[in-house]
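Please read the structure below before turning to the comments.
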Amino acid sequence: MERFPELYTNRLKLRKIRIEDVPSLVKYANNKKVSDNIVNMSYPYREPDAVFRISYVVQGFKNKTRFVFAIILKENEEFIGEISLHLMDKGNPHAQLAYWLGEPFWNNGITTEAARAVLKYGFETLNLELIYADCYTENKVSEKVMQIIGMKKHSGKENLLLYKITKPEYEKQYTGAT
């Protein structure tokens with residue numbers, strides 16, 4: 001796979017992050033409410049952070065360790081957030097799901113829609129066996145997204161909750177396989 005994949009849902013296009021996304025990336029990531037819930041996002045978030053981010057994303061895809069998709073609204077082609085799969089070890093069929101969305105787009109089901117598409121990609125294209133995600137205990141909205149897409153709560157530590165879904169659980173829920 002030499003070309004970055006594009007995924008489509010009813011309202012969204014999930015694609016590679018591009019340099020022309022920098023203004024929107026800065027606009028939506030430079031928000032304390034967003035950065036407070038993302039482990040590796042600084043606040044304030046400025047243009048050099050966005051440029052570094054794009055380099056990090058490109059390198060991760062080159063190494064096949066990170067698949068970071070820009071969340072794009074189809075209606076106006078606007079970058080509004082990110083969703084990603086991080087493969088922790090090459091050859092290990094497990095990945096971490098992570099996401100963030102610009103505040104103006106919260107509570108509209110966008111993250112859930114994007115997460116379903118990325119789960120499908122992870123299990124059906126990357127042939128992963130397990131996808132997990134975590135969030136801070138106070139982040140009830142993120143926790144709800146994980147529950148809606150079929151992830152099951154596992155033990156957390158300190159102020160983090162851990163959720164997981166296996167390939168058989170995904171297949172049962174999404175394809176009806178038993």
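The values are calculated or read from the model by the stated rules, or taken from the named source; none is laboratory data. Quick caveat: nothing in here was measured; it's all calculated off a predicted structure. Cβ atoms come from the backbone with ideal geometry, glycine included; neighbour counts cover every protein chain shown. The protein model used for the area step is the full one, side chains on, heavy atoms only, and it has no ligands, DNA or RNA in it. Shrake-Rupley method; radii C 1.70, N 1.55, O 1.52, S 1.80 Å.
What to note about this one:
- Taken together, the residues in segment 88-105 that are open to solvent by less than 70 Å² (accessible area, probe 1.4 Å) and within 24 Å of residue 21 (Cα to Cα) amount to 9.
- Single residue of segment 1-35 satisfying the filter (free of Cβ contacts under 8 Å to residues at least 24 places away in the same chain and part of a loop (DSSP other than H, G, I, E, B)) that is surrounded by the most Cβ atoms within 10 Å (Cβ to Cβ): 30
- Filtered residues of segment 106-115 (kept if more than 15 Å from the chain's Cα centre (by Cα) and surrounded by 13 or more Cβ atoms within 10 Å (Cβ to Cβ)): none
- Among (1) of a type in the set (Ser, Thr, Tyr); (2) within 21 Å of residue 113 (Cβ to Cβ); (3) touching a strand residue (DSSP E or B) at 6+ places or on another chain (Cβ under 6 Å) - the single one residue 8 does not satisfy: (3)
- Selection within segment 116-139 - assigned to a helix (DSSP H, G or I) and open to solvent by 30 Å² or more (accessible area, probe 1.4 Å): 116, 120, 124, 125
- Exclusive hit being open to solvent by less than 80 Å² (accessible area, probe 1.4 Å) and over 20 Å from residue 133 (Cβ atoms), set 68, 57, 51: 51
- Only one entry in 82, 113 is of a type outside the set (Gly, Ala, Ser), assigned to a strand (DSSP E or B) and under 26 Å from residue 166 (Cα atoms), namely 82.
- Contact map, segment 84-107: first residue of a type in the set (D, E, K, R), second residue exposed (fewer than 13 other Cβ atoms within 10 Å of the Cβ), Cβ cut-off under 9 Å, separation 6 or more or different chains; pairs are 90/63; 90/64; 103/33.
- Residue in segment 145-167 that is surrounded by fewer than 19 Cβ atoms within 10 Å (Cβ to Cβ), over 28 Å from residue 36 (Cα atoms), out of contact with any Lys or Arg (no Cβ under 6 Å at 6 or more places or on another chain) and not hydrophobic (A, V, I, L, M, F, W, C) present: yes
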